Amino acid sequence: MSDLTVSLTAPNGRTYSQPVGLFINNKWVKSSDGGKFASINPTDEKEIVSVYAATADDVDTAVKAARAALKGDAWGDLPATDRGQLMLKLADLIEANKETLATIETWDNGKPYSVALNEDLGEVVGTLRYYAGYADKRFGQVIETSSDKLAYTVREPVGVCGQIIPWNYPLSMAAWKLGPALACGNAVILKPAEQTPLSALFLGNLIVEAGFPPGVINILNGPGAVTGAAIATHPNVDKVAFTGSTATARIIMKLAAGTLKNITLETGGKSPLLVFEDAEIDLAAEWAHIGIMSNQGQICTATSRILVHDAVYDKFLEAFRSKVQSISKVGDPFSDETFQGPQVTKAQYERVLSYVDVGKKEGATLSLGGVSAAASGKGFFVEPTVFTNVTPKMRIFQEEVFGPFVVIARFKTEAEAIELANDSEYGLGSALFTTDLTRAHRVARKLEAGMVWINSSNDSDFRIPFGGVKQSGIGRELGEAGLEAYSTIKAIHVNMKPRL
Ligand code: TXE
């Protein structure tokens, strides 16, 4: 072990080698100023390890490496089929190391181990394999004009892509970003969130082992305002892809405006879940629980506003409360019994509890939870929280809390339900429960959202486009649509006339 790799033993007893450097040009290096920051275990609030934080100079070194990879034969001229093979190899290596990766994810982020292993890692491997298949299946077109002209298009990579990701799904977010970028032949600077820097670093050695040429994928940890901002402003970064808060997305748009970068953004949400009078109430309650309480409520598409028809309000509330009370076991994320681990950081934990105060002051009724759930006094645990008697003017109806925190309001008509659902600056996910086929599709078309789930919630899939409207983002990830952001189209005109 060197000071760039540390042997660690996780709380579940797994010992592994944790890289802590910057991953640039397929090598581990220290940051140019030697600066580091600590990653904290949200379960016991202890430091796990410190990792190097990239400076603007380090970002510049990585951008040069990425640019050289794009120009070099080993990546720039690699046949698309071979590019796909490298991605498949990486997916295989991730799968072979999934227990270690899930362990790191749970330790660093606090999500239940079974979820990290079975859901997150499954999605990471699936996403990379899905996009690997596209590497040699994206073509240009031949366009008919006249017999005097041959016109065709070719798809080219955008170039060096800065990818700034959040902490709620550290590995899945990396895969969502890397998959389409690599399939289209780009080179990448990936910046994980400073709250969860560890799992993405573990990918570095797997990237080398898979055979990716140096510089194609670079992984740089560091604070958003330093490392992230250096990526967003660097003149040789062609694109920024970001997932995180709407507030930071606004900053990134401004930073990237100086060099007019290609941008895709996936930001916040306050997604509604509508329960109509003809809904199957148990089904609605089950999905409503999944839709807000999974992943400690830290999901951008969490259906955090539940809107229920007057006629079934009491029945739904009883069914929903009973799901929350019987399923949402809060505790040690390494225990098989646990449904909900700690919030990712003290700041997020305090944010959730501060919204409990806001809700009480606004006059809403605290129906469940609203308190810390740290049995030992340590750890960022929050009781699953439900507010009723919530009205649209309240902040808890409008603002993203990003925790196990849901508000419930009533409606009387379909038109009112749609109006309430759309009364938001966000437009990410939405869900609706009804047994009326016509109503289901009619309402789906009226909801201002990038995604609508009919009779489910947060049932996302890497084969299906994901993204938002309004202030929930720009562009789409996942599915075939996710490739659009990562290539440009060059039009080639050939004059076929022998002379003018
Ligand atoms: O997010 P940030 P934070 C929401 C959620 C949460 C709130 C705050 O409501 O409570 O955001 O979380 C990088 N230039 N979501 O503060 O700041 C940062 O280093 C360039 C929703 O953690 O958006 C990290 O890598 N980059 C969400 C990433 O941006 C900057 C997921 C996200 O951090 C930067 C997470 C800057 N100036 C939070 N400042 C979702 N949509 O899923 C920060 N970053």
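The values are calculated or read from the model by the stated rules, or taken from the named source; none is laboratory data. Here the structure is a predicted model, which means the values were calculated and not measured. Ideal geometry is used to build each Cβ from the backbone, glycine not excepted, and the neighbour counts take in all protein chains shown. Each accessible area value is taken on the protein alone, full model and side chains, heavy atoms only, with ligands, DNA and RNA left out. Shrake-Rupley method; radii C 1.70, N 1.55, O 1.52, S 1.80 Å.
Out of the residues in the range 349-364 that are more than 11 Å from residue 405 (Cβ to Cβ) and crowded, with 20+ Cβ neighbours inside 10 Å, state the one that is farthest from the ligand (Cβ to nearest atom).
Only one residue tops the list, namely 364.
Would you pick out the residues in the range 432-470 that are part of a loop (DSSP other than H, G, I, E, B) and of a type in the set (S, T, N, Q)? Reasoning before the result, please.
Step one: filter the range 432-470 for residues part of a loop (DSSP other than H, G, I, E, B), giving 434-436, 447-452, 455-465, 467-468.
Once the filter is applied, which keeps residues that are part of a loop (DSSP other than H, G, I, E, B) and of a type in the set (S, T, N, Q), the range 432-470 yields 434, 435, 455, 456, 457, 458, 460.
Do you know which residues across the range 328-353 are of a type in the set (Asp, Glu) and more than 18 Å from residue 118 (Cβ to Cβ)?
350 - this is the single residue of the range 328-353 that is of a type in the set (Asp, Glu) and more than 18 Å from residue 118 (Cβ to Cβ).
Name every residue in the range 316-334 that is polar (S, T, N, Q), in contact (Cβ under 8 Å) with a residue 12 or more places away in the chain and open to solvent by 20 Å² or more (accessible area, probe 1.4 Å), in order of residue number.
322, 325
May I ask you to list the residues in the range 191-207 that are within 9 Å of the ligand (Cβ to nearest atom) and among the aliphatic types (A, V, I, L, M)?
The one that is within 9 Å of the ligand (Cβ to nearest atom) and among the aliphatic types (A, V, I, L, M): 193.
What are the residues in the range 25-47 that are under 30 Å from residue 377 (Cα atoms) and open to solvent by 20 Å² or more (accessible area, probe 1.4 Å), if any? Steps first, answer last, please.
First, the residues of the range 25-47 that are under 30 Å from residue 377 (Cα atoms): 36-47.
If the condition is that a residue be under 30 Å from residue 377 (Cα atoms) and open to solvent by 20 Å² or more (accessible area, probe 1.4 Å), then 36, 37, 38, 40, 43, 44, 45, 46, 47 are the ones that fit.
Looking only at the range 381-420, how many residues end up being open to solvent by less than 10 Å² (accessible area, probe 1.4 Å) and farther than 18 Å from residue 365 by Cβ?
Qualifying residue count for the region: 3.
What residue, of 290, 252, 281, 299, is under 18 Å from the mean Cα position of the chain (by Cα) and more than 12 Å from the ligand (Cβ to nearest atom)?
From the options 290, 252, 281, 299, the qualifying one is 290.
Looking only at the range 215-223, decide whether some residue is farther than 24 Å from residue 116 by Cα, touching a residue at least 40 places away in the same chain (Cβ under 8 Å) and within 14 Å of the ligand (Cβ to nearest atom).
Among the residues of the range 215-223, at least one is farther than 24 Å from residue 116 by Cα, touching a residue at least 40 places away in the same chain (Cβ under 8 Å) and within 14 Å of the ligand (Cβ to nearest atom), which makes the answer yes.
Of all the residues that make up the range 44-59, how many are of a type in the set (S, T, N, Q) and assigned to a strand (DSSP E or B)? Spell out how you get there, then give the answer.
Going through the range 44-59, the residues of a type in the set (S, T, N, Q) turn out to be 50, 55.
Now restrict to residues that are assigned to a strand (DSSP E or B): 50.
Adding up the residues that qualify gives 1.
Just give me the residues in the range 220-272 being over 21 Å from residue 200 (Cα atoms) and of a type in the set (Gly, Ala, Ser), in sequence order.
247, 249, 256, 257, 258, 268, 269, 271, listed by residue number.
Would you tally the residues in the range 161-215 being of a type in the set (Lys, Arg) and within 22 Å of residue 463 (Cα to Cα)? Lay out the reasoning, then the answer.
Looking only at the range 161-215, we keep the residues that are of a type in the set (Lys, Arg), and these are 177, 191.
Checking the rest, the ones that are also within 22 Å of residue 463 (Cα to Cα) come to 177.
Adding up the residues that qualify gives 1.
List the residue pairs whose Cβ atoms are under 8 Å apart, where the first residue sits in the range 90-105 and is touching a residue at least 12 places away in the same chain (Cβ under 8 Å) and farther than 18 Å from residue 182 by Cα, the second is part of a helix (DSSP H, G or I) and open to solvent by 40 Å² or more (accessible area, probe 1.4 Å), and the two are 6 or more positions apart or on different chains.
If the second residue must be part of a helix (DSSP H, G or I) and open to solvent by 40 Å² or more (accessible area, probe 1.4 Å), the pairs left are 102/113; 103/113.
Of the residues in the range 67-109, how many are in contact with a strand residue (DSSP E or B) (Cβ under 9 Å, 6 or more places away or on another chain), open to solvent by 10 Å² or more (accessible area, probe 1.4 Å) and among the charged types (D, E, K, R)?
1
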